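The values are calculated or read from the model by the stated rules, or taken from the named source; none is laboratory data. Quick caveat, the model's predicted, so the values are computed rather than measured. Note that we place each Cβ from the backbone using ideal geometry, even for glycine, and neighbour counts take in every protein chain shown. For accessibility, only protein heavy atoms count, side chains too; no ligands or nucleic acids. Shrake-Rupley method; radii C 1.70, N 1.55, O 1.52, S 1.80 Å.
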Amino acid sequence: MKSVTRAAAFALAVACATSIPIARADAVHTEHVDAELVAERAALVPGAQNWIALRLQIEPGWHTYWRNPGDSGIPTTLRWDLPEGFTAGDIVWPYPERHPLADVMNYGYAGDVLHLVPITVPADARDRVELKAEAKWLVCSDVCIPGKADVKLSLPIAADAPEDPRWHDAFAATRAKVPQTVDWPARFTVDKRDVSLEVTAAQLQPAKDVAFFPYAKDLVNHSADQRRARDGNTLRLSQNLSSFFLSAPGAIDGALVIDGRAYEISAKPGSVAAVAQSEVKAAPEPAPQASSPGLLLALLLAFAGGVILNLMPCVFPVLSLKALAVLEAHDGRERAQAISYTLGVVLSFVIVAGVMLALRAGGQSLGWGFQLQSPVFVAVLVYLFFAMGLALAGMTEFGVRFMGLGQSLTQSKGLGGSFFTGVLAAVVASPCTAPFMGAALGYAVTQPAMVALLIFAMLGFGLASPFLLMGFVPKLAGWLPKPGAWMEGFRELMAFPLFLTVAWLLWVLTRQAGADGAGVVAIGLVVVSFALWTRRFTSTMARVARWVATVAAFALLAHPALRSPHTMEVARTAEASSEPY
């Protein structure tokens with residue numbers, strides 16, 4: 001407390017001595033990250049470029065991402081709301097740290113980090129102004145959480161603005177890590193296996209530690225070792241190509257870090273001999289990296305993670321549908337229904353994983369659960385789970401029309417009901433993370449497509465295995481209570497886990513599209529309720545009203561508030577200016 005008091009008194013003394021009011025910032029506290037805007041100087045200088053920074057204080061054990069996040073993640077972004085005549089430049093990125101997880105290598109920041117941004121102030125600016133921005137980031141540990149904050153900073157305008165002593169060291173330390181642009185001779189070659197880079201500079205001759213961070217997202221396998229060999233002041237560096245590499249670029253740009261100093265280089269196509277493994281001994285030792293689990297271990301981890309997914313809050317409510325089916329099943333087809341449910345889960349996992357891998361091969365930067373990155377898709381799930389919850393609670397009954405399609409499919413007593421319950425379980429399971437999954441999925445996204453699909457199939461098999469086991473071991477089903485009048489109450493009770501899922505999805509939607517997007521979907525829920533309420537009437541007017549309400553509910557999904565996705569868990573984009581999920 002005393003140190004805080006002394007710091008505040010010192011800042012006040014500086015402000016009084018310079019006759020400039022203290023800059024006012026509002027720190028925003030979010031899950032695992034505190035965000036605020038800070039200024040290099042105590043005031044903004046008119047007609048000049050001024051430096052502002054987004055300061056992120058990241059909880060220990062968590063990290064955010066660099067402009068090229070590596071194998072997964074998204075970079076931090078800023079969308080400015082500035083007074084008229086003010087302009088903001090792009091984020092100036094210090095070089096990142098490596099954050100390995102199994103076979104996944106990410107580039108980002110931990111601890112206390114500044115994202116520097118130049119702000120140009122018009123010459124006629126006067127008095128005091130407020131700078132505002134919307135900051136978005138992804139913060140990750142073994143799971144990832146999208147973050148968002150509306151940050152602002154009030155600053156006076158003054159022709160002579162001294163440095164703010166509170167941030168002098170932080171700005172200086174950050175600038176020391178910003179790559180310095182150089183015109184060193186650099187060239188590269190791409191062969192079937194590697195990208196090889198050659199750079200010549202006097203700074204390389206005494207270097208003890210060298211690392212290269214490319215700006216391109218899908219150029220190299222980031223988790224692979226950088227094989228380095230040096231001859232005097234010339235460095236050759238080779239690294240395996242990314243599984244998603246498409247074609248050789250016209251230039252390779254990136255940050256070359258030499259003993260803690262970063263230089264921005266641009267390599268042109270040329271002839272460079274790949275670094276053989278026998279040459280690596282003469283190069284600096286690479287940073288230690290996490291070990292790969294291997295295919296067999298990855299399959300076992302995927303299966304275990306799938307089993308545990310059944311206990312995750314995002315999946316458990318869907319299992320209430322399957323639980324009801326099991327309790328009511330007395331048709332002698334328990335095994336067939338168990339197999340049908342398993343096929344629904346496994347095929348859904350494989351299809352979603354296949355689409356993800358195809359899109360990544362086409363240049364998109366998507367991760368597992370990418371379908372939940374779309375606010376519109378999440379909104380559709382909100383509608384579906386809400387309607388199904390109302391049906392379980394006995395508030396409405398569904399036929400086979402579109403609004404009732406999900407309920408009809410998942411609660412039909414045949415094999416189709418079991419299959420589509422599996423599909424639904426897979427859809428809501430995809431953004432969840434369970435123990436053992438991280439290593440398995442990290443291994444999968446770095447492997448050839450067939451190996452990756454096998455691992456995702458095993459994850460689905462693990463999710464379906466409890467019900468599959470119950471179908472093939474009748475004694476397990478015998479432990480369940482016998483059907484009776486109590487089933488009606490139990491059915492209604494099972495509506496509430498679905499309503500909890502609706503609440504969770506609305507929370508996700510709020511993180512994606514903000515309060516406006518969640519508000520639009522909340523209105524949609526009212527319209528959906530009205531459409532379902534009209535089902536009790538059979539008049540022509542009621543049918544018309546139901547049709548109009550159904551169309552209106554889905555027309556709301558085209559609202560502009562749902563058009564700016566804010567990317568989640570393992571999705572990412574390499575464009576620093578893009579809008580995350």
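Looking at the range 125-148 only, could you name the residues that are crowded, with 19+ Cβ neighbours inside 10 Å and closer than 22 Å to residue 97 by Cβ? Those that are crowded, with 19+ Cβ neighbours inside 10 Å and closer than 22 Å to residue 97 by Cβ: 135, 136, 137, 138, 139, 140, 144, 146, 147. Considering only residues that are part of a strand (DSSP E or B) and charged (D, E, K, R), look in the range 66-122 and name the one that is farthest from residue 254 (Cα to Cα). My answer is 81. No other residue among 41, 67 is under 15 Å from residue 113 (Cα atoms) and open to solvent by 20 Å² or more (accessible area, probe 1.4 Å) apart from 67. Of all the criteria given as (1) part of a loop (DSSP other than H, G, I, E, B); (2) at pLDDT below 80; (3) more than 24 Å from residue 181 (Cβ to Cβ), the one not satisfied by residue 273 is (2). Which one is farthest from residue 560 (Cα to Cα) among residues in the range 471-497 that are among the aliphatic types (A, V, I, L, M) and at pLDDT 70 or above? Only one residue tops the list, namely 473. Of the residues making up the range 190-223, those that are at pLDDT below 85 and under 26 Å from residue 75 (Cα atoms) are 217, 218, 223.
Tell me which residues, restricted to the range 176-196, are of a type in the set (D, E, K, R) and open to solvent by 40 Å² or more (accessible area, probe 1.4 Å). Residues satisfying the conditions are 177, 183, 187, 191, 192, 193. Candidates in the range 498-518 are the residues that are in contact with a His (Cβ under 9 Å, 6 or more places away or on another chain) and at pLDDT below 80; of these, the one that is farthest from residue 561 (Cα to Cα) is 511. Considering 418, 430, 374, the condition of being open to solvent by less than 20 Å² (accessible area, probe 1.4 Å) and at pLDDT 60 or above is satisfied by 418 alone.
Here's the yes/no breakdown for (1) surrounded by fewer than 21 Cβ atoms within 10 Å (Cβ to Cβ); (2) under 21 Å from residue 220 (Cα atoms); (3) at pLDDT 90 or above:
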| residue | (1), (2), (3) |
| --- | --- |
| 34 | yes, no, yes |
| 46 | yes, no, yes |
| 53 | no, no, yes |
| 74 | no, yes, no |
| 92 | yes, no, yes |
| 97 | yes, yes, yes |
| 100 | yes, yes, no |
| 115 | no, no, yes |
| 122 | yes, no, yes |
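All of 255, 267 fail the test of being at pLDDT 90 or above, over 23 Å from residue 72 (Cα atoms) and in a strand (DSSP E or B), apart from 267.
Scanning the range 135-170 for residues being of a type in the set (A, V, I, L, M, F, W, C), closer than 19 Å to residue 55 by Cα and part of a strand (DSSP E or B) gives a total of 10.
Conditions tested, residue by residue: (1) without any contact (Cβ under 8 Å) to a residue 60 or more places away in the chain; (2) in contact with a Gly (Cβ under 6 Å, 6 or more places away or on another chain).
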site	(1), (2)
178	no, no
184	no, no
188	no, no
194	no, no
200	yes, no
213	no, yes
218	no, no
225	no, no
238	yes, no
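If the condition is being part of a loop (DSSP other than H, G, I, E, B) and open to solvent by 50 Å² or more (accessible area, probe 1.4 Å), then the range 197-235 contributes 205, 206, 208, 209, 217, 225, 233.
May I ask you to verify whether residue 173 is open to solvent by 10 Å² or more (accessible area, probe 1.4 Å), at pLDDT 90 or above, over 30 Å from residue 55 (Cα atoms) and of a type in the set (A, V, I, L, M, F, W, C)?
no
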